[in-house]
Amino acid sequence: MKQTQPKVYKLPGFGLSMGYTVLYISLIVLLPLTMVFYHTAQMGWTDFWQVVSNPRVVASYRLSFGTAFIGACINAIFGVLIAWVLVRYSFPGKKLIDGLVDLPFALPTAVAGITLTTLYSPHGWLGQLFGFKIAFTPIGIVIALTFIGLPFVVRTVQPILEGLEQEVEEASQSLGATNFQTFARVIFPSLIPAILTGFSLAFARAIGEYGSVVFIAGNMPMKTEITPLIIMTKLEQYDYTGATAIATVMLLISFLLLLVINLIQRWTHKRYGGAA
């Protein structure tokens, strides 16, 4: 007996919408990225390696990726705590705090950088309370990157917490589990995919951050100079090929992070059936 294939109905205007989508992505995303590789290809392998392996540039890689990783780790911990408080507790000013979480998205990064520098400078309101220097050190960079990356973790974990069934936790406690055991064995495993996704997004965002970091970093070569600043410096010196060479390295690493994020999201979809 011949089996008939189910008929697939397409939405009206799909062809036009798909064409516009491809054109838009090509003009906004693909074409600019292609130009980065195009300018870099004009250098030759020897010149390219000489630029990207310069000790000053390597030091900026180490600083950019190291501080971005530390900031993302801090957000992975405290972002979960903030999401937990916002979901599980009711208190005066809850909506205000929930709105403040998104402030790093709306606030210009330069404003954030100037504000953080003012607060954590040696004579600032918070900086003078510490016995060591915060602004113009890697510590200040970590603070700035933690600030701009916090919403990614909170907003990825928050919907998962809201979707968890209270009956499962009550059943766990009725079987004699403590609050810590309930969280560690029932709640936390469900949050791991969202935490990893939020961590990856915060890490990727922090790697390319410029505006909020350039003021508080101090920009001392080999010490507090981030990679985006080196790229901007080369552009100001009209060294476009050198700038695109360093940008290519950062771009390839960003592609790798994007691949990891997509794999995490795919695993989350398979593990939790898209409900996460």
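The values are calculated or read from the model by the stated rules, or taken from the named source; none is laboratory data. Everything quoted here is computed from the prediction, not taken from an experiment. Counting neighbours? That spans all protein chains shown, and the Cβs are built from the backbone with ideal geometry, glycine included. The protein model used for the area step is the full one, side chains on, heavy atoms only, and it has no ligands, DNA or RNA in it. Shrake-Rupley method; radii C 1.70, N 1.55, O 1.52, S 1.80 Å.
For region 209-230, filtering for residues that are of a type in the set (A, V, I, L, M, F, W, C), over 18 Å from residue 146 (Cα atoms) and open to solvent by 30 Å² or more (accessible area, probe 1.4 Å) leaves 2. Selection of region 75-132 for residues being open to solvent by 30 Å² or more (accessible area, probe 1.4 Å), more than 16 Å from the chain's Cα centre (by Cα), of a type in the set (Val, Ile, Thr) and over 29 Å from residue 161 (Cα atoms) yields 111, 114, 115, 118.
Exactly one condition in (1) crowded, with 17+ Cβ neighbours inside 10 Å; (2) within 23 Å of residue 147 (Cβ to Cβ) is not met by residue 190; state its number. Of everything listed in (1) crowded, with 17+ Cβ neighbours inside 10 Å; (2) within 23 Å of residue 147 (Cβ to Cβ), residue 190 misses just condition (2). Figure legend. Inter-residue proximity from region 147-172: first residues free of Cβ contacts under 8 Å to residues at least 40 places away in the same chain and under 11 Å from residue 191 (Cα atoms), second residues surrounded by fewer than 23 Cβ atoms within 10 Å (Cβ to Cβ) and among the small types (Gly, Ala, Ser), beta-carbon distance below 7 Å, spacing 6+ or different chains. Indicated pairs: 164/190.
Of the residues that make up region 183-202, is at least one of a type in the set (A, V, I, L, M), under 20 Å from residue 153 (Cβ atoms) and modelled with pLDDT of 90 or more?
In the first step, residues of region 183-202 are kept if they are of a type in the set (A, V, I, L, M); the result is 184, 186-187, 191-192, 194-196, 201-202.
The next check asks that each one be under 20 Å from residue 153 (Cβ atoms); those that pass are 184, 187, 191-192, 194-196, 201-202.
Keeping just the survivors that are modelled with pLDDT of 90 or more gives 202.
The answer is yes; a qualifying residue exists.
Taking residue 162 as the residue in question, decide whether it is exposed (fewer than 13 other Cβ atoms within 10 Å of the Cβ), under 26 Å from the mean Cα position of the chain (by Cα) and farther than 28 Å from residue 117 by Cβ.
Criteria met by residue 162.
Evaluating residue 24 against the criteria (1) among the aromatic types (Phe, Trp, Tyr); (2) within 21 Å of the chain's Cα centre (by Cα); (3) at pLDDT below 90 leaves one unmet condition, (2). Residues that are touching a helix residue (DSSP H, G or I) at 6+ places or on another chain (Cβ under 7 Å), without any contact (Cβ under 8 Å) to a residue 60 or more places away in the chain and among the hydrophobic types (A, V, I, L, M, F, W, C): does region 130-146 have at least one? Looking through region 130-146, at least one residue is touching a helix residue (DSSP H, G or I) at 6+ places or on another chain (Cβ under 7 Å), without any contact (Cβ under 8 Å) to a residue 60 or more places away in the chain and among the hydrophobic types (A, V, I, L, M, F, W, C).
Scanning region 194-216 for residues that are under 24 Å from residue 84 (Cα atoms) and among the hydrophobic types (A, V, I, L, M, F, W, C) yields 194, 195, 196, 199, 201, 202, 203, 204, 206. Residues of region 23-71 that are aromatic (Phe, Trp, Tyr) and open to solvent by less than 40 Å² (accessible area, probe 1.4 Å): 48, 61. No other residue among 199, 203, 183, 255 is part of a helix (DSSP H, G or I), open to solvent by 80 Å² or more (accessible area, probe 1.4 Å) and not β-branched (Val, Ile, Thr) apart from 255.
Just wondering, is there one or more residues in region 170-177 that are in a helix (DSSP H, G or I), in contact with a Ser or Thr (Cβ under 7 Å, 6 or more places away or on another chain), modelled with pLDDT under 90 and open to solvent by 60 Å² or more (accessible area, probe 1.4 Å)? Working first, answer last.
Filtering region 170-177 down to residues in a helix (DSSP H, G or I) leaves 170-174.
This time we only want the ones that are in contact with a Ser or Thr (Cβ under 7 Å, 6 or more places away or on another chain), so: 172-173.
Filter once more, so that each one left must be modelled with pLDDT under 90: 172-173.
Now narrow it down to the ones that are open to solvent by 60 Å² or more (accessible area, probe 1.4 Å): 173.
Looking for residues that are in a helix (DSSP H, G or I), in contact with a Ser or Thr (Cβ under 7 Å, 6 or more places away or on another chain), modelled with pLDDT under 90 and open to solvent by 60 Å² or more (accessible area, probe 1.4 Å), one finds at least one in region 170-177, hence yes.
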